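Enquirer: Quick one: structure below, then a few questions.
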Amino acid sequence: MRRSRQILLILLTWATLVLPVASQTVTLNLKDADISALISTVAEVTGRNFIIDPRVKGKVTVVSSRAMDSEEVYQVFLSILKVHGFAAVPSGAVIKIVPDVNAKQDGIPTVNDKDTLVGDEMVTRVVQVDNVAAAQLVPILRPLVPQQGHLAAYPATNVLIISDRARNVERLVSIIRRIDQVSDSEIEIIQLEHAAANEVVRVLTSLQRAAPAKGKAPAAAAGGGSVLVADERTNSVLLGGDRALRLRMRALISHLDTPLETGGNTDVIYLKYAEAVEIVDVLMGVGKVEEKEVTKGKTAAPKSEFDIQADEATNSLVITAPPDIMRTLKRVISQLDIRRAQVLVDAVVAEVSLDTARELGVQWIISGLNDGTGPIGLINFTNTGSTITDVANAVISAREGVQIPQQQSNVAIGAGRIDSDKNTNFVGLVQALASDANTNILSTPTLVTLDNEEAEIIIGENVPFLTGSFTSAGDDATNPFQTIQREDIGLTLKIKPQINEGDALKLNIEQEVSSIADSVVGASDLITNKRSIRTTVMADDGAVVVLGGLIEEQVGESMQKVPLLGDIPLLGYLFRSTGTDVTKTNLMVFIHPVILRDQKSTDHYTNSKYNYLRALQSIQHEDGVELMPNQSHPVLPEWGNPEAITKPPIKQNTESGPETSSFDLTDE
């Protein structure tokens, strides 16, 4: 009981203190009063704390016919500030009184749809726009926002940001809600049965762009304002716009989508990139499949005419087919008749070889007395070139006036005594050979071809090889003949590229490098060296891939000697012959493919190769090699100058006087 009395006493005390304040009313009647005095009065009546900007100055006149409570006084106070160009900005426990132009940049409250906006308090609101573009509403609403207010659109989320007095913000939101309505513009899909969708759209689009009839608006004359899109896959027309325009377009489409008088039609299609002869078989297969689908489920349907012919002269297709099959064929042709990419292939054949040979041998001939009673001896080695018997026969033949046969290349020194009547005749022959051969071959053939097209380049000579001979000998005449077969000797590159998805290429490559070898004793005809590769590789665009190679080292040693005598230290060199042959070969073949997808990339690589060759010619020209009088070195014209290709520059010869043309591509 005691506790209940204490609570009741507290409530009575609170009511005594609060109720007089809540029930306090004020009648504002001011004439030319200072605005600072008004702010002080409002602070006393409402219990709010104010901070006044130094720029807030002026005289205020207020006329009131009745008493107002504290909240009504505060709303009147906000209206007075608005009239005089000031605003109240809440900031925690105080309210700042600042000029209007600074209020929107201060901490004014941000409200949402659930908040009730009344009075002249400065607020910010973000309005979501659902059906129209927010940016389109800005020029419409801008005249309704005062200069000190703010209005902007954010297209990313399609919202409007408004900063102004609460009452005006509420009015703008109401206007936005009336404008932001769903339009009656819809998208219709019209399925065509007889006509082609792209042709119908083309005709209607041309009608829209045509000049309007005299005295009529463009929309009335051509149906402007509608949206027409053709879907070739379903042979449909997508139609957009308001209801009246869509109704007019539907009527035009229904008139255009009518069957032809005959069961088929003929059309000529000119190809840009593909070859008409090559795609006829593909189109015939597609047409027959479509013909079966069209006639499926129909009984006793008349057979329509279907035929495809290729005209090579104009690279065109003459197609006779029903409209539905014709549409399918045109769609297939548009996907086949495209510009194909090209492939530039740089092949690099690098070969470095070293041949080293060392030979040393001593041979002897010993003959007894001329009366035939003496001994005869012969040391004849065959691993160091010519034998001593060959040399001896050559000397005897030379003395008898017979031509000396050609001997092998080496150094031979002979000494002895021959034609002695009483003494023993002898001849000693020393042969020595040292040879070094270094070979460095670098071949870089370049070839450009279309995707999936085989190309071949051959650089070399056509060499004749003897394959057989025949001699017919009779009593009166002889009719000999020889058969010869010619073979290409040099460098051959054959490629067939296939561009896969992305930048990968599949390359079928055949490369061969052949040359004529040095003559070999005992060979009946020419001997050729041949290195060839036939492979299929995968490579990325611009990558370098090794196709194959050979790293080989051959060492051959031979020795011929007289038993026992050839093993004697130092003295044994007079009775033996040694030969050493070392051959080292390093051969590698590389490939560098580049995809040329457009004319720009093709020009880039062509320009680089062209300028490289032109630079080599310019260097030779600058070296000052003497030519015939009034002649200069041929130099390619500058890239990209068509006049220079057909009309080369005229060089002035200061020594002889007359002007002469230095180079002309057409003469080459």
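Enquirer: Ignoring ligands, DNA and RNA, what percent of the accessible area of region 529-622 is carbon or sulfur (1.4 Å)?
Expert: Ligands and nucleic acids excluded, carbon and sulfur reach 56 percent.
Enquirer: If I take R0 = 30 Å and measure r between the Cβ atoms of V280 and I457 in this structure, what FRET efficiency does the formula 1/(1 + (r/R0)^6) give, to the nearest 0.05?
Expert: 0.45
Enquirer: Another question, if that's okay. Find the accessible area per residue for region 89-190; the probe is 1.4 Å, ligands and nucleic acids are left out, and the unit is Å². Numbers along the way, then the final one.
Expert: Numbers: 5610 Å² over 102 residues.
Averaged over the residues of region 89-190, the accessible area is 55 Å².
Enquirer: For each pair in K330/K496; K57/K96; K31/K59, compute the distance between the two Cα atoms and list the pairs where it is over 19 Å.
Expert: K330/K496
Enquirer: Can you send over the carbon and sulfur percentage of the accessible area for region 55-177, probe radius 1.4 Å, protein chains only? Intermediate results must be reported in sequence, preceding the final value.
Expert: Details: 3400 of 6300 Å².
Ligands and nucleic acids excluded, carbon and sulfur reach 54 percent.
Enquirer: Oh, and also: Taking amide hydrogens as modeled 1.01 Å from N in the peptide plane, which residues meet the under 5 Å criterion relative to G548, leaving out close sequence neighbours?
Expert: V589
Enquirer: So how exposed is T446, as accessible area in Å² (1.4 Å probe, rounded to 10)?
Expert: My reading of the accessible area for T446 is about 50 Å².
Enquirer: Could you put M284, M249, M559 in order of accessible surface area, largest first, with the 1.4 Å probe and the full protein assembly present?
Expert: The ranking, largest first, comes out as M559, M284, M249.
Enquirer: Which entries of K272/K600; K530/K584; K530/K609; K292/K506 show an alpha-carbon separation above 26 angstrom in the structure shown?
Expert: With Cα atoms farther than 26 Å apart: K530/K609; K292/K506.
Enquirer: Then there is this: So, counting K/R as plus one and D/E as minus one, what does the shell of residues with Cβ under 12 Å around S316 add up to?
Expert: Value of the local net charge: -4.
Enquirer: Keeping every protein chain in place, order D257, D541 by accessible area at 1.4 Å, biggest value first, i.e. largest first.
Expert: Of D257, D541, the descending order of accessible area is D541, D257.
Enquirer: Give, in nm to one decimal, the length gained when the segment between N508 and E71 is fully stretched (0.36 nm per residue of separation minus the Cα-Cα distance). Don't jump to the answer; show the numbers that get you there.
Expert: On the way: separation 437, 0.36 × 437 = 157.32 nm, distance 9.17 nm.
Difference between extended and current length: 148.1 nm.
Enquirer: Here is a follow-up. Using a 1.4 angstrom probe on the protein heavy atoms only, could you order Y273, Y74, Y605 from most to least accessible area?
Expert: My answer, sorted largest first, is Y273, Y605, Y74.
Enquirer: Right, here's the next one. Starting from the amide H of R531, placed 1.01 Å from N in the peptide plane, find each other amide H under 5 Å away whose residue is 5 or more places distant or on another chain.
Expert: V513, S514
Enquirer: Please report how far the C-alpha centroid of region 48-114 lies from that of region 341-359, rounded to the nearest whole angstrom.
Expert: Each part's Cα centre sits 92 Å from the other's.
Enquirer: Collect residues whose amide H, placed 1.01 Å from N in the peptide plane, falls under 5 Å from the amide H of F50; neighbours closer than 5 in sequence don't count.
Expert: Amide H to amide H, under 5 Å and 5 or more residues apart or across chains, F50 pairs with I95.
Enquirer: In addition: Calculate the length of the line joining the C-alpha centroid of region 427-449 to that of region 543-563, in whole Å.
Expert: The two parts, judged by their Cα centres, are 14 Å apart.
Enquirer: Measuring from centroid to centroid over Cα atoms, what is the spacing of region 567-604 and region 264-278 in Å?
Expert: Here the two parts' Cα centres lie 54 Å apart.
The values are calculated or read from the model by the stated rules, or taken from the named source; none is laboratory data. Here the structure is a predicted model, which means the values were calculated and not measured. Neighbour counts are summed over all protein chains in view; Cβ atoms, including those assigned to glycine, are modelled from backbone coordinates with ideal geometry. Note: accessible area is taken over every heavy atom of the protein model, side chains too, but ligands, DNA and RNA are not part of it. Shrake-Rupley method; radii C 1.70, N 1.55, O 1.52, S 1.80 Å.
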